[in-house]
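The values are calculated or read from the model by the stated rules, or taken from the named source; none is laboratory data. Here the structure is a predicted model, which is why all the values come from computation and not from measurement. FYI the Cβ positions are ideal-geometry reconstructions off the backbone, even for glycines, and counts take in every protein chain you see. In case anyone asks, the SASA skips ligands and DNA or RNA and just uses the protein heavy atoms, side chains included. Shrake-Rupley method; radii C 1.70, N 1.55, O 1.52, S 1.80 Å.
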Amino acid sequence: MRKTVTIESTAVLLDVNNIDTDQIIPARFLKAVSRDSFGEKLFYNWRYRKDGSPDESFALNRSKGSVLVAGANFGCGSSREHAAWALADYGFGAVVASSFADIFRNNALNNGLVPVQVSPGFLERAVSAIRKDPDTKIDVDLSDRSIRVEGVGMETFPIGEYKRECLMKGYDDMDYLLSILSDIEKFEKRNAI
Amino acid sequence: MGKTTFDKIWDAHVVKSVEDGPDILYIDRHLVHEVTSPQAFAGLKARGLKVRRPDRTFAACDHNTPTHNQDNPIADPSSATAVAALAANTKANGIPYFPLGDPANGILHVIGPEQGIVLCGQTVVCGDSHTSTHGALGNIAFGIGTSEVEMVLATQCIMQCKPKQARIDVNGTLRPGVCPKDVILYIISRLGTSGCTGHFVEYCGDVFRGMSMEGRMTVCNMSIEMGARGGLVAPDETTFDYIRGRRFAPKGADFDRDVAYWKTLASDEDVHYDMEFAFDAADIHPMVTYGTNPGMGMPVTGTIPSSAVGCDPGSFNDALAYMGFEPGERLLGHKVDYVFLGSCTDGRIEDFRAFADVVEGHRKAAGVTAWLVPGSKSVERRIEEEGIGRTLRDAGFEIRQPGCSACLAMNDDKVPEGKYCVSTSNRNFVGRQGRGARTILSGPAVAAACAVAGVISCPDEL
C-alpha cells in the first residue's frame, strides 16, 4: 500500500449527504476482474450525460484536487471496494465528511485513502470557504491527525493508532495477518477447527 | 456485567488483539461470489498463496447471472468473464462452488442458510453488504471489501475493531397483513439510514421471537440499510429446527452437541447496549418507500411527509424530484410499470407464498412487467411443489430463474428511465435498478397487490 503522511491540495466539493457507493461507482461497471482504471468510471452517472458527454456543472468536471469534501454518511450502501478503488485511482488521497459508513471506511483505509471525519460545524465552515474560494488549501496531516482548512482553522480527526501507522508506513492488514499465521494455527488447534 | 449474544460469539473468535487497535477475528464461513472476488484471488496468486481453508469457503455466482435461459452461455462478455473467473479460481483452490444451474445455486444469502452452510454462533463474512442476513440464525455476519476477502482467503482471519452494540425491541402483536419487510422498513424509517452506523444490532422482543427464520433473514438483511455493521436474533428453538437436517449441517450427536452450545448464546440479563430503541408492533402498517433511500418509508395508505429522519431538506427535495412525487401526495392509485419479487431480502419461499396468496383469484395487470425471481434453485423447486408456480402462471405471471436480478440490475433485468418499479429488494438508491429508474420498496404482499392492480395498492383493498 502507498505511504501517506500529509496531503496538501485544493478540494473537490461535493456537498451532498448520504452518497452511496452505487453513485460512486454504478453496478454495471463492477464486471471488471482487475483493479485498474475505475477512476474513469467514478461518479459516472453524475459526471456524464446520457450521451456520454461530460456534465460541466458537476464538481469533478469543474475543479481539481486530491481531497474530496462531501456530506454526512459518505459511502453508505453496497460493500463494493470498487468505490474506494475508483476514488484512489482518480487521484483522491482523502475524503472529508462528517460521518462515514463503516464498510466504506475500512475499504478506504485498506487502499491508502484517508477518511477524514470532521464535526458538522467544521464541515459547514469548510464548505462555505471552498464555495467562496475554490482555491482554498486543505492540509491533512496524519502525524498529528489534523486537518487544516485555509481561512477556517484546524480540527483533529479520529483514526485508530494501528491504522494511522499502517497508512504512514504503507503497511496493510495482510502483512500483519501473514506475520501471525502461527497464532492462527494455534487458535485452530485449540478450538479443534 | 453479563455478555450479549454478540459478545459471546465475538469473544470466542478473537485469535489475538492489537494493543490500542483491532482484534484479529477468526472467520467460520466465507461466502464468495463473482463480483467482489476476482481481484482478491489475483492478489493471492501474486503473493504465491493458496486459500487457507477451502473447507470453510463456499462460492456461487449470483450478481451477474441472467434470469432466463441459464443453460445457454452468458451473453454479456464481461459477465461471462467474471463468472468464468470464479469457476476457475474456486477449482484451482478446491472451494465448493455452485455454478449456474446447479441444484444448490442461488443468491449466496439465500443458499447459505438453506443448504446448512451457515449455522449458528458463527462468524460469517462475504464481499457483500447484505451478509448481515445470516445474523438471523444467531451469527456475527457482515459485509467486507475485496481487500478483506483476500485476507480471509489467505488467513481465514480479518482485523476488525469491535463495534458498539444497539438493541431494537419490537413488542406486541403485528396487525394482520404486516410482514417482516414492513417491520424493518418501519424501523429504518424511524432511525434513518445512518441511525445505527458503528453498531451491531440485536433484534429483541415478541415480534422477532415469533418470526420464522425466513422473516428474521429479511429483517437482518436490511440492518445495513440503517448503517449497522450487522444485526442478529439470538438463537432459539426456531433456529435449531431450521438448521436441523440441512445438507451441510452437523448430524446426530454432532448436531445435539452444537445445539447445547448454541443454547448458551442468548444474551445475559445484566448487559449493556450502547443504544436502545423500542417500538410497538401495533404502530406498523404495510410499508412502501417514496424516496431514494430505504429510510424514506411510510405506510402504503399514507401521504408523503415533508421530511425524513437523517435526510437534509436539500436531499429530501432532490429525492422527491427524482421520484416525481410531492410532499402530501398519496401513493395509492399511482401508476406502476414494473414489479420485482426477489433478492436476498425477499426471494425465499415465504415471500413467494405471500405474493401468491394475494394474487390468487386475480390477474396481472396488463401494463405491468413483472419479474418474479426465486432466490435459489431450491426455492424455484418448492414454488412448483407447492403449486405456487401454477397459481402465478394462471394469473399471467412468468417465473424466472434464480439470481440477484433487478435488485442491482447487473444483468439484463433493468428498469428503464423514469419508470416506476415496486420492488421487494433492499435499496431504492438513484439509478440502482437502471439509470433513471424509480424504485418503490415494499414487502411481497404489497408488491403483489400492485402487480394485480397496476397501481400502488394495498392487499386489503383489492
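General observations
- Among the residues of B:305-318, the average count of other protein chain beta-carbon atoms within 10 Å of the residue beta-carbon is 2.
- For residue B:352, the shell of other residues with beta-carbons less than 13 Å away shows a net charge of -3, using +1 for Lys and Arg and -1 for Asp and Glu.
- Computed Kirkwood radius, in angstrom, where 1/r is averaged over Cα pairs of chain B: 22.2
- Protein-only accessible surface order, largest first, of B:371, A:46 at 1.4 Å: A:46, B:371
- What the range B:287-461 shows is 32 Å² of accessible area per residue, with the surface traced by a 1.4 Å probe over protein heavy atoms.
- Treating each Cα of the range B:220-291 as one equal point scatterer and applying the Debye formula with no solvent, the log10 of I(q)/I(0) at q = 0.18 Å⁻¹ comes out as -0.99.
- For the range B:339-394, the fraction of alpha-carbon pairs in successive 10 Å shells from zero, as %: 25, 59, 16, 0
- As a rough guide to protection, the peptides B:304-311, A:176-183 ranked by mean Cβ packing within 10 Å, highest first, stand as B:304-311, A:176-183.
- Loop-resident sites, the range B:248-349, for trypsin sites (Lys or Arg not before Pro), counting at most 16 other Cβ within 10 Å (DSSP): B:251
- Sum of -39500 (n - 2.57) over DSSP H runs of 4+, divided by residues of chain A (222 nm, nearest 500): -9000 deg cm²/dmol
- Choice from A:84, A:97, A:129 with maximal GNM fluctuation in chain A (Cα, 10 Å cutoff): A:129
- In terms of accessible area, using a 1.4 Å probe and ignoring ligands and nucleic acids, A:14, B:174 rank largest first as B:174, A:14.
- Residue A:48 sits with roughly 50 Å² accessible to a 1.4 Å probe, with DNA, RNA and ligands left out of the calculation.
- Occluded residues from the range A:163-179, i.e. those whose accessible area drops by 20 Å² or more once the chain is not alone (1.4 Å probe): A:173, A:174, A:176, A:177, A:178
- In the range A:49-83, the residues whose accessible area drops by at least 10 square angstrom when the other protein chains are added to the isolated chain are A:50, A:73, A:76, A:77, A:78, A:79, A:80, A:81, A:82; the probe is 1.4 Å and only protein heavy atoms count.
- Alpha-carbon centroid distance for the pair the range B:261-292 / the range B:370-425, whole angstrom: 29
- Accessible surface for the range B:5-160, divided over its residues, is 26 Å² per residue with a 1.4 Å probe.
- The residues of the range A:6-190 present an accessible area of 39 Å² per residue when probed at 1.4 Å with all protein chains retained.
- Whole-number D in µm²/s for the range A:6-190 (Stokes-Einstein; Kirkwood sum over Cα pairs; 25 °C, 0.890 mPa s): 142
- Neighbour count of at most 11 Cβ within 10 Å plus DSSP loop: longest GluC sites (Glu not before Pro)-free window in chain B: B:20-268
- Portion, in percent, of the accessible area of the range B:5-160 that falls on carbon or sulfur, probe 1.4 Å: 52
- For chain B, the mean residue ellipticity at 222 nm estimated from helices alone is -9000 deg cm²/dmol, where every DSSP H run of n ≥ 4 contributes -39500 (n - 2.57) and the total is divided by all residues, rounded to the nearest 500.
- Of the residues A:163, B:50, the one with the largest accessible area comes first in the ranking B:50, A:163, computed with a 1.4 Å probe on protein heavy atoms.
- Apportionment of accessible area to carbon and sulfur, chain A, percent (1.4 Å): 49
- Kirkwood radius, the range B:164-283, all distinct C-alpha pairs, inverse of mean reciprocal distance: 15.2 Å.
- In the A-B interface, the accessible area buried, summed over both sides, Å² (probe 1.4 Å): 4700
- Put simply, the C-alpha atoms of the protein assembly as shown give a gyration tensor, and the ellipsoid matching it has half-axes of 35, 31, 24 Å, longest first.
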